[in-house]
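Contents: one structure, followed by commentary.
The values are calculated or read from the model by the stated rules, or taken from the named source; none is laboratory data. Computed from a predicted model, the values in this text were never measured in an experiment. No Cβ is skipped: glycine too gets one built from the backbone with ideal geometry, and neighbour counts run over all protein chains shown. Accessible surface is based on the protein model in full, side chains and every heavy atom, while ligands, DNA and RNA are left aside. Shrake-Rupley method; radii C 1.70, N 1.55, O 1.52, S 1.80 Å.
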Amino acid sequence: MTDMQQRRSRRVQLAVPGSSEKMLSKAAQSDADHVFLDLEDAVAPKEKVAARDKIVNALNTLDWTGKVRCVRINDLGTQWAYEDVIAIMEGAHRNLDTIMLPKARSASDVQFVATLLHQIELKLGVERKIGIEVLIEEVEGMMNVEEIAFSTPRLEAMIFGVGDYSASQGIDPAILSGTSGYPGDPWHYGRWKIAIAARAAGVDAIDGPFPDFRNIELFETQCREGLQLGFSGKWAIHPAQIAPALRVYTPDQKTVDRARRMVKLYEEAYEQGLGAVSMDGEMVDAATVRMVQEILRRADAAGM
Ligand code: COA
Ligand code: MG
């Protein structure tokens, strides 16, 4: 694994339509630790240009304390993408942390955005580097996820965009409603592959949207499954999904205390020349301790 890129808390990434001043304002007041203000699919084509100003204004005037501030631009196959980056950077770089690129297909797609950011930062004299997050939601992006993961040091997160991905692969929409009779989880391979590449590159793997925002139970199940695979968080498309995602992606105090006790015990044993020790009737060794480091990283990020 390479050194970790800049790590930010993104247990829940709230999708906010950039064309809605009301939702932008609600997002700033929410408990989400990451918000992405959207210029892509949540914004109708005739609203795209006006939404840039609304987002710039929201970033510059609302209080986003405690949140990662991200803007999702349009994909590189559209007429809007380059001007999205320019408008958002020129208007609000002081109040922006990352740019999210949808439908990334290759490392060069991500490098295009990185180069554009570099030029704008030079022009504006911005010393802080703006990060990049990418959506893996095209079959080409899935094929190239390893090279995308290492495309630029600016990359901070890779998100699995399950809806577009399913369309891109031609997956039967009946699978979404659970009526297809398909015997397994059709997205397991994709999530697994993204998680491996993200870990290897030291970036966050994030799970994408779950549209049925009234079904909190199933949403929570999906959060737990993502967590188990090593994901760092999940999207929320509605405020009702924020609290459950935070609950799942924040380790509980008992687990954190046990992990800390384990590390302490192991370090004391190590000092005495032992490689393995017993705790509560279970063996603790270097690998066991390594497994709980992830819990401790999440706990530290959550200020526990
Ligand atoms: N961000 C901020 N506020 C939101 C929100 C969001 N994503 N989704 C809903 N809200 C607000 C609503 O404006 C409403 O505010 P109010 O109580 O002051 O009227 C409140 O939360 C409750 O919303 P509700 O009435 O239950 O839903 P809705 O019918 O207004 O909106 C959606 C439902 C799906 C249209 C809306 O949640 C949405 O646009 N989500 C994001 C879609 C998106 O970004 N898609 C692209 C990425 S997948
Ligand atoms: Mg998409």
With all protein chains present and a 1.4 Å probe, the order of W80, W192 from largest accessible area down is W192, W80
Give the ranking of T179, T152 by solvent-accessible surface, highest area first, calculated with a 1.4 Å probe. T179, T152
Tell me the mean residue ellipticity at 222 nm calculated for the chain from its helices only (DSSP H runs of n ≥ 4, each -39500 (n - 2.57), averaged over every residue, nearest 500). -14500 deg cm²/dmol
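From the square roots a ≥ b ≥ c of the eigenvalues of the alpha-carbon gyration tensor of the chain, which class results: rounded (a/c under 1.5), prolate (a/b over b/c), or oblate?
Prolate, because a/c is 1.5 or more and a/b exceeds b/c.
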With a 10 Å radius around each residue's Cβ, average the other Cβ atoms per peptide and rank 45-52, 13-20, highest first. 13-20, 45-52
Taking only protein heavy atoms into account and a 1.4 Å probe, give the accessible area per residue of segment 253-301 in Å². 68 Å²
Considering the Cα trace of segment 48-114, what is its radius of gyration and what is Dmax, both in angstroms? 12.1, 35
Return the percentage of antiparallel bridges among DSSP beta bridges fully within the chain, rounded to the nearest 5 %. 10 percent
Run the dipole for the chain about the Cα centre, Lys and Arg Cβ at +1, Asp and Glu Cβ at -1, nothing else charged, and hand back the magnitude in debye, nearest 20. 620 debye
All other residues with a Cβ under 15 Å from the Cβ of V49 taken together, and with Lys, Arg as +1 and Asp, Glu as -1, what is their net charge? -3
In the Gaussian network model of the chain, springs joining C-alpha atoms below 10 Å, which of A27, A287, A107 carries the largest mean-square fluctuation? A287
At 1.4 Å probe size, with the rest of the protein present, what percent of the exposed accessible area of segment 98-169 is carbon and sulfur atoms? 56 percent
Holding the Cα-Cα limit at 23 Å, pick out from K103/K123; K67/K264; K22/K129; K67/K234 the pairs that are longer than that. K103/K123; K67/K264; K22/K129
For the chain, the charge dipole (Cβ of Lys, Arg +1; Cβ of Asp, Glu -1; about the Cα centre) points to a positive end, and the Cα of I175, Y249, A27 closest to that extreme belongs to A27
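How much area per residue is accessible in segment 49-89 when the probe is 1.4 Å and only protein heavy atoms are counted (Å²)?
Result: 42 Å² per residue.
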Give, as a single signed number, the net charge of other residues whose beta carbon lies under 13 Å from the beta carbon of D257, with Lys and Arg counted +1 and Asp and Glu -1. +3
Accessible-area ranking of H34, H188, largest first, probe 1.4 Å: H188, H34
Pick out, from A50, N60, Y165, the residue whose Cα sits farthest towards the positive end of the charge dipole of the chain, with +1 on the Cβ of Lys and Arg and -1 on the Cβ of Asp and Glu. N60
By the C-alpha gyration tensor axes a ≥ b ≥ c (rounded if a/c is under 1.5, else prolate when a/b exceeds b/c, else oblate), the shape of segment 171-304 is prolate
Report the Cα centroid-to-centroid distance between segment 229-250 and segment 252-304 in angstrom, as an integer. 25 Å
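By its C-alpha gyration tensor, with a ≥ b ≥ c as the square roots of the eigenvalues, how is segment 1-89 shaped: rounded for a/c under 1.5, else prolate for a/b larger than b/c, else oblate? Intermediate results must be reported in sequence, preceding the final value.
Working: a/c = 2.01, a/b = 1.22, b/c = 1.64.
Here segment 1-89 falls in the oblate category.
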